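The values are calculated or read from the model by the stated rules, or taken from the named source; none is laboratory data. These figures come from a predicted structure and were not determined experimentally. All Cβ positions, even for glycine, are placed from backbone atoms using ideal geometry, and neighbour counts span all protein chains on display.
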Amino acid sequence: MTKPQVTIYTDGACVGNPGPGGIGVVILNGKSRQEISTAYRETTNNRMELLAAITALESLAQPCCATLFTDSKYLADAMNKGWARRWRANKWKRNKRAKAQNPDLWARLLDLCDRHQVRFRWVKGHSFTPENNRCDQLANQAIRAGNFRVDEGYENVHEVGSKK
């Protein structure tokens, strides 16, 4: 039995970096379309790019063949060039000295890529890709709406709101 084919567009946004962030996702499955957006009170742009991809893949009810479009070179390169798998194999180190950033999210994404067959495709942001532009709108609308979740992987590490 072949896996269903889906096309996914994702984007993450941040007001400040770090700052309040949001994700936007568009999933196209045949004639159906699903849009997802969520805001986080304190995070980074890279975390939002990763969390958008994770959210999209977690929303799939069954294993799928997915083509995931992102305007994040960080995400596309880490997955297409095998960096994220190498970081995990090296206990979340990029090299002997430098730690990989966002290991909590990379671990989730890699697990999802074991469930789904995912091809990551980079697209230029804020250009002529309507679905990528829609994801950007969704992410920014979520931030403006202000119904924030907590990005625990960020806030637990960075003590957000504490006086320094």
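Restricting attention to the range 132-164, the residues being modelled with pLDDT of 95 or more, farther than 15 Å from Glu49 by Cβ and touching a Phe, Trp or Tyr at 6+ places or on another chain (Cβ under 8 Å) number 4.
Residues in the range 32-53 that are crowded, with 18+ Cβ neighbours inside 10 Å, in contact (Cβ under 8 Å) with a residue 40 or more places away in the chain and touching a Leu at 6+ places or on another chain (Cβ under 9 Å): Ile36, Ser37, Thr38, Tyr40, Thr43, Asn46, Arg47, Leu50, Leu51, Ala52, Ala53.
Across the range 54-61, not a single residue is classified as among the hydroxyl-bearing types (Ser, Thr, Tyr), touching a residue at least 60 places away in the same chain (Cβ under 8 Å), under 29 Å from Phe128 (Cα atoms) and out of contact with any helix residue (DSSP H, G or I) (no Cβ under 6 Å at 6 or more places or on another chain). Scanning the range 34-78 for residues that are among the hydroxyl-bearing types (Ser, Thr, Tyr) and part of a strand (DSSP E or B), we see that the one that is nearest to the chain's Cα centre (by Cα) is Thr70.
The condition of being small (Gly, Ala, Ser) and crowded, with 23+ Cβ neighbours inside 10 Å holds for only one of Gly82, Gly19, Gly24, that being Gly24. Counting only helices (runs of 4 or more DSSP H) wholly contained in the range 89-164, the ones carrying 1 or more residues that are closer than 14 Å to Thr44 by Cα and more than 17 Å from the chain's Cα centre (by Cα) occupy 152-158. In the range 113-128, the qualifying residues are those that are surrounded by fewer than 18 Cβ atoms within 10 Å (Cβ to Cβ) and under 18 Å from Asn80 (Cβ atoms), and the one that is modelled with the lowest pLDDT is Gly125.
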